[in-house]
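This report concerns only the one structure given below.
The values are calculated or read from the model by the stated rules, or taken from the named source; none is laboratory data. Values in this document were obtained by computation on a predicted structure and should not be read as measured data. Note that we place each Cβ from the backbone using ideal geometry, even for glycine, and neighbour counts take in every protein chain shown.
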Amino acid sequence: MAPWTPEQLAVPTSDDEISAVRGCWGGVDRRRGALSATVAMRRAWTQPDKSDYGHLRVTNMSVMIGLEIRLDDLSGEPTRALVARHLEGMHATTPAEAVFALDVDALRAEDVTFWSLWSGDVIVAMGALKILDVDNGEIKSMRVADAFLGKGAGRIMLRHILSVAHERDLKTLWLETGPTPGFAPAHGLYLSEGFEFCGPFGDYTVSPFSVFMTKRLSPGRGD
């Protein structure tokens, strides 16, 4: 399957749209944690008049087609380049002592699980889950490749991390991000997925360069 271009991707904006797709989405390999779809489902958005699924008329969901979430060991150059781009962005707006983004070595720590999102051989996004203790986890290294910003890839990664956190029986997720206007889309994403602003957690302290958010995970269901 050919990679999707940024112009073909769009944010999934409603639960109804997502449910409609999941209801007839056949190409999910849960064992690998991968997200994939059949050629027929791709045609539903590119050629709806020729597809058995065209009657769904679901728009803004092409971001789901042909993408794959991979457990990533950070050995590949595209992944390492995206991590470097993330760190570059953080240091461009924040003093070094207030940058808490993890580098490649830190992302390989035993208490961190790292994933990347791909369209063919093109990396789209990345994200990580750091286990703080038996009940708490921290979301780290959420970054979408520049060419795919605003297309919904961040939401896919975030929902994957939420799902894994629930599977691991975590009770609460936390995150630290930036306060400047450039971080507004990230704030909006987290708020829309049930996160709330909070005070510092763990070893963090109050800082004008940090914003903290948290989400209590509901027992007995995926978040």
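Pick out the one residue from Lys140, Lys130 that is over 13 Å from the mean Cα position of the chain (by Cα), free of Cβ contacts under 8 Å to residues at least 40 places away in the same chain and surrounded by 20 or more Cβ atoms within 10 Å (Cβ to Cβ). Only one candidate qualifies: Lys130.
Considering only residues in region 146-155 that are in contact with a strand residue (DSSP E or B) (Cβ under 6 Å, 6 or more places away or on another chain) and in contact (Cβ under 8 Å) with a residue 60 or more places away in the chain, the one that is nearest to Ala81 (Cα to Cα) turns out to be Phe148. In the set (1) out of contact with any Phe, Trp or Tyr (no Cβ under 6 Å at 6 or more places or on another chain); (2) surrounded by 13 or more Cβ atoms within 10 Å (Cβ to Cβ), Glu167 fails one condition alone, (2).
Among the conditions (1) buried (at least 17 other Cβ atoms within 10 Å of the Cβ); (2) modelled with pLDDT of 95 or more; (3) out of contact with any Phe, Trp or Tyr (no Cβ under 9 Å at 6 or more places or on another chain); (4) small (Gly, Ala, Ser), Gly152 misses just one, which is (2). Selection of region 77-105 for residues being farther than 21 Å from Thr180 by Cα, touching a helix residue (DSSP H, G or I) at 6+ places or on another chain (Cβ under 9 Å) and not hydrophobic (A, V, I, L, M, F, W, C) yields Thr79, Arg80, Asp103.
The residue that is surrounded by the most Cβ atoms within 10 Å (Cβ to Cβ), counting only those in region 174-189 that are touching a residue at least 12 places away in the same chain (Cβ under 8 Å) and out of contact with any strand residue (DSSP E or B) (no Cβ under 9 Å at 6 or more places or on another chain), is Pro185. When region 77-108 is examined, which residues are found to be in contact (Cβ under 8 Å) with a residue 40 or more places away in the chain, in a loop (DSSP other than H, G, I, E, B) and within 19 Å of the chain's Cα centre (by Cα)? Passing the criteria: Phe100, Ala101. The single condition among (1) under 22 Å from Thr79 (Cβ atoms); (2) surrounded by fewer than 22 Cβ atoms within 10 Å (Cβ to Cβ); (3) among the small types (Gly, Ala, Ser); (4) under 15 Å from the mean Cα position of the chain (by Cα) that Gly120 does not meet is (4).
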